[in-house]
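The values are calculated or read from the model by the stated rules, or taken from the named source; none is laboratory data. Fair warning: this is a prediction, and the values are worked out from it, not measured in the lab. Reconstructed Cβ throughout: ideal geometry from the backbone, glycine too, with neighbour counts over all protein chains shown.
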Amino acid sequence: MVEGLERYEAILQGKVRPRYLEAKVSGLLEEKVKEAERILLSCEFCERKCKVNRVAGEKGFCKCDDKARVFGAFAHFGEEPELVPSATIFFAGCTMRCVYCQNAPESVTPALGSYWSEQEIAEWIELMYKRGCKNVNFVGGDPTPYTYNIFKALSYCNAPLPVVWNSNAYYSEKTAKLLQGLVDVYLLDFRYFNDECALKYSSAPNYVQAAKRNFLLATEDAELIVRILVMPSHIECCTKPILRWLAENLGKNVRVNIMDQYWPAFNSHKFPEMNRRLSHEEFASVLDYAKEIGLNNLV
Ligand code: SF4
């Protein structure tokens, strides 16, 4: 059993039910669907709070309309070991714009995704459950713009699969509260520890404050796996301070996946400091640092 994911494991063993199924019975899910539908009229699902009416066809930064757009859906075997096989659904569009994005162009242009109705999403989840997947994993781009569609899909679904919210952690406080009580495992990226870097490389104002808040709210609510993509030239300004913050605020047992797979995709060629792979020394120094500060639940 993975430390920190005891409830998730209990769901897999059939000892408890996923929270969204409990929320269906209590009426909480229905309330959350309604609230998410209201947010679509003046969108503030993410920290940008564009306040556009997506039902009327207005588009904000992410360019998502009110329909779910999907560019991939399959049993994923490349996630953390405790999650595989993971029924992973990739939503097109994103609330951040990372210069090194590995999912461009679909993350930048949601119209490249196919329209899936909420019933189709629910049917796919049920199919993936029958095929032996261990969870349903909502990702993108980022799932945040599609919070309403995802909740609505869950309201049509009965598969006893834990819900994994796989996000950049740049969602609004309102969305964080909406997710509470429905998500079983938060799988959140923590990318930057200063707003200058977040703005320059991901066009994400107020990122650090939003990410810290969302990590704290996620920890209060459910189980958590943190993903840290180690980026070249960002070890001292971002990666190490993030690790320190996690150890100090979420405890040394927090589950952390320190990832070395950065590669200079998309627009990273415009930023010489980002236009290379991570060096072995950089990655080794991060692992040493994580151990030095006592993080003891690394993937
Ligand atoms: S999800 Fe974020 S970026 Fe997209 S319209 Fe809503 S507030 Fe704007």
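Being within 10 Å of the ligand (Cβ to nearest atom), buried (at least 24 other Cβ atoms within 10 Å of the Cβ) and of a type outside the set (Ser, Thr, Tyr), is that true of even one residue in the stretch 67-87?
no
Please verify whether Lys32 is more than 12 Å from the ligand (Cβ to nearest atom), of a type in the set (Lys, Arg), under 19 Å from Cys157 (Cβ atoms) and in contact with a helix residue (DSSP H, G or I) (Cβ under 6 Å, 6 or more places away or on another chain), treating the condition exactly as stated.
Yes.
In the list Val208, Val185, which residue meets the criterion of being farther than 19 Å from Asp288 by Cβ and touching a Pro at 6+ places or on another chain (Cβ under 8 Å)?
Criteria check complete, one pass: Val185.
Would you mind finding the one in Ala122, Ala111 that is free of Cβ contacts under 8 Å to residues at least 60 places away in the same chain, within 15 Å of the ligand (Cβ to nearest atom) and either buried (at least 21 other Cβ atoms within 10 Å of the Cβ) or over 16 Å from the mean Cα position of the chain (by Cα) (or both)?
Ala111
Taking the stretch 231-267 as the region of interest, how many residues are aliphatic (A, V, I, L, M), assigned to a loop (DSSP other than H, G, I, E, B) and over 17 Å from the mean Cα position of the chain (by Cα)? Quick ask: steps written out before the conclusion?
Here is the first cut: in the stretch 231-267, the ones aliphatic (A, V, I, L, M) are 231, 235, 242-243, 246-247, 250, 254, 256, 258-259, 265.
Now drop any that are not assigned to a loop (DSSP other than H, G, I, E, B), which leaves 231, 250, 254, 265.
Next, from what is left, pick out any that are over 17 Å from the mean Cα position of the chain (by Cα): 231, 250, 265.
Final tally of qualifying residues: 3.
Just wondering, is there one or more residues in the stretch 138-146 that are of a type in the set (Ser, Thr, Tyr) and surrounded by 19 or more Cβ atoms within 10 Å (Cβ to Cβ)?
Scanning the stretch 138-146, I find at least one residue that is of a type in the set (Ser, Thr, Tyr) and surrounded by 19 or more Cβ atoms within 10 Å (Cβ to Cβ), so the answer is yes.
Name the pairs whose Cβ atoms lie under 8 Å apart, with the first residue in the stretch 34-57 and under 17 Å from Leu178 (Cβ atoms) and assigned to a loop (DSSP other than H, G, I, E, B), the second within 6 Å of the ligand (Cβ to nearest atom) and aliphatic (A, V, I, L, M), and 6 or more positions between them or separate chains?
Close Cβ pairs (under 8 Å, with a partner that is within 6 Å of the ligand (Cβ to nearest atom) and aliphatic (A, V, I, L, M)) amount to Ser42/Val52; Cys43/Val52.
Kindly indicate which of Leu278, Leu287, Leu298 is more than 18 Å from Ala104 (Cβ to Cβ), hydrophobic (A, V, I, L, M, F, W, C) and touching an Asp or Glu at 6+ places or on another chain (Cβ under 8 Å).
Leu278
Tell me, yes or no, whether the stretch 73-85 has at least one residue that is of a type outside the set (D, E, K, R), in contact with a strand residue (DSSP E or B) (Cβ under 6 Å, 6 or more places away or on another chain), closer than 21 Å to Ala265 by Cβ and not in a helix (DSSP H, G or I).
Yes, the stretch 73-85 has at least one match.
For the stretch 269-299, give me the residue count where each residue is β-branched (Val, Ile, Thr) and either loosely packed, with under 13 Cβ neighbours inside 10 Å or modelled with pLDDT of 95 or more (or both).
Total meeting the criteria: 2.
Looking for whichever is of a type outside the set (Asp, Glu), over 26 Å from Gly4 (Cα atoms) and within 16 Å of the ligand (Cβ to nearest atom) here; the options are Val52, Val99, Val139. Which one fits?
Numbers: Val99 fails: within 16 Å of the ligand (Cβ to nearest atom); Val139 fails: over 26 Å from Gly4 (Cα atoms).
The unique qualifying residue is Val52.
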